[in-house]
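> Sharing a structure, written as structure tokens. Questions coming.
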Amino acid sequence: MTNSIAIVTDSTNDLPLALRQQYDVHVVPLYILWGNETLRDGVDVLPEDFYARMQREPEARPKTSLPTPGDFLKVFEEVLAHGAKEIVTLTISSAMSGTIEAARQAAEMISAPVHLVDSRSNSMSLGWQILAAARAREQGGDAAAMVAAAETVRQSLVYIIALDTLDYLFAGGRIGGAISFLGQVLKIKPQISVNHQTGKVEAGEPARTRARAIETLYRNFFKRIDTSLPLHIAVLHNAAFEEAEALAQRVQQEFSPAELLTSIVSPVLGVHTGPRAIALCGYAG
């Protein structure tokens, strides 16, 4: 390790592998409970295989579980053994998961400073904050500067997801049964977004068809972001490769963002959003 300040996160970050390696980001996986199997997110099950299995086994609904304090402690001890003096840890929203509490407990077991950041989101909303912290470190910033950079990015983040079905949110307890029933009757394609102040998921504008859902996603996302500033945008998908590529091409052609990424969503998030979900996530500045 060449960095005296290590960056540790959880497996919901959805950063492409090349960027995790480039910026020396260490990942603690969450768990997927599938029948009698306990799988480490992104380690024992990769996204492509996960979504293919969801399609093959639609009745077998997996569940998710938190990393343990011991999981974080193991990674903390590894980065310290390789030369880190401090650790900045960014996690999935505390309003969505208790992951940050596991990190906090692990931090109390070591003598080195651990700076905890609640991303108040997940996926590339977490990923963009990690990149901001890593780039601040690259420019010589200390841990406080890294945390401040992440928080600055969070203030302007927009993250909207078009789901193909409400079933998985309902199965995971994220919405009520009445809403799920209504969605099935109307055959709507629901939209959700993340409130980066509360860290909670909110309902968005539904659509009646897949094409309309993606168009509504696009329109609502760019309505909420300042396109006069340099744009940093991620196209995210749950194994909807062709649609994600088409969406990325449209973004590039119409807005020429400073940074444009396409990434498949981690299995642990896919448990709740289901196959073929597609999203836009990014910030201006």
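> Check ALA234, ALA239 and return the single one that is under 16 Å from THR165 (Cα atoms) and touching a residue at least 40 places away in the same chain (Cβ under 8 Å). Give the steps one after another, and end with the answer.
On the way: ALA234 fails: under 16 Å from THR165 (Cα atoms).
Checking each option against the conditions leaves just ALA239.
> Counting only residues that are of a type outside the set (Lys, Arg) and in contact with a helix residue (DSSP H, G or I) (Cβ under 7 Å, 6 or more places away or on another chain), how many does the stretch 114-129 have? Show your work before the answer.
As a first pass, look at the stretch 114-129 and keep what is of a type outside the set (Lys, Arg): 114-119, 121-129.
Next, from what is left, pick out any that are in contact with a helix residue (DSSP H, G or I) (Cβ under 7 Å, 6 or more places away or on another chain): 114-119, 122-123, 128-129.
Residues in the stretch 114-129 being of a type outside the set (Lys, Arg) and in contact with a helix residue (DSSP H, G or I) (Cβ under 7 Å, 6 or more places away or on another chain): 10 in total.
> Right, LEU280: at pLDDT 95 or above, buried (at least 19 other Cβ atoms within 10 Å of the Cβ) and out of contact with any helix residue (DSSP H, G or I) (no Cβ under 6 Å at 6 or more places or on another chain) or not? Please lay out each step first, then the result.
Details: at pLDDT 95 or above: yes; buried (at least 19 other Cβ atoms within 10 Å of the Cβ): yes; out of contact with any helix residue (DSSP H, G or I) (no Cβ under 6 Å at 6 or more places or on another chain): no.
Against the criterion (at pLDDT 95 or above, buried (at least 19 other Cβ atoms within 10 Å of the Cβ) and out of contact with any helix residue (DSSP H, G or I) (no Cβ under 6 Å at 6 or more places or on another chain)), LEU280 does not qualify.
> Looking at the stretch 29-67, which of its residues are without any contact (Cβ under 8 Å) to a residue 24 or more places away in the chain and under 21 Å from PHE241 (Cβ atoms)?
Those that are without any contact (Cβ under 8 Å) to a residue 24 or more places away in the chain and under 21 Å from PHE241 (Cβ atoms): ASP49, ARG53, ARG56, GLU57, PRO58.
> A follow-up question, please. Which ones in the stretch 197-227 are free of Cβ contacts under 8 Å to residues at least 12 places away in the same chain and not in a helix (DSSP H, G or I)?
Here is the first cut: in the stretch 197-227, the ones free of Cβ contacts under 8 Å to residues at least 12 places away in the same chain are 202, 211, 215, 219, 223.
Passing the criteria: only GLU202.
> Here is a list: GLY274, GLY285, GLY204. Which entry is over 30 Å from VAL43 (Cα atoms), modelled with pLDDT under 95 and surrounded by 16 or more Cβ atoms within 10 Å (Cβ to Cβ)? Spell out the reasoning first.
Working: GLY274 fails: over 30 Å from VAL43 (Cα atoms); GLY285 fails: surrounded by 16 or more Cβ atoms within 10 Å (Cβ to Cβ).
The unique qualifying residue is GLY204.
> Could you check, for the stretch 121-142, whether at least one of its residues is surrounded by 20 or more Cβ atoms within 10 Å (Cβ to Cβ), more than 13 Å from the chain's Cα centre (by Cα), farther than 22 Å from HIS232 by Cα and not hydroxyl-bearing (Ser, Thr, Tyr)?
no
The values are calculated or read from the model by the stated rules, or taken from the named source; none is laboratory data. As the structure is a prediction and not an experimental result, all values here were calculated from the model. No Cβ is skipped: glycine too gets one built from the backbone with ideal geometry, and neighbour counts run over all protein chains shown.
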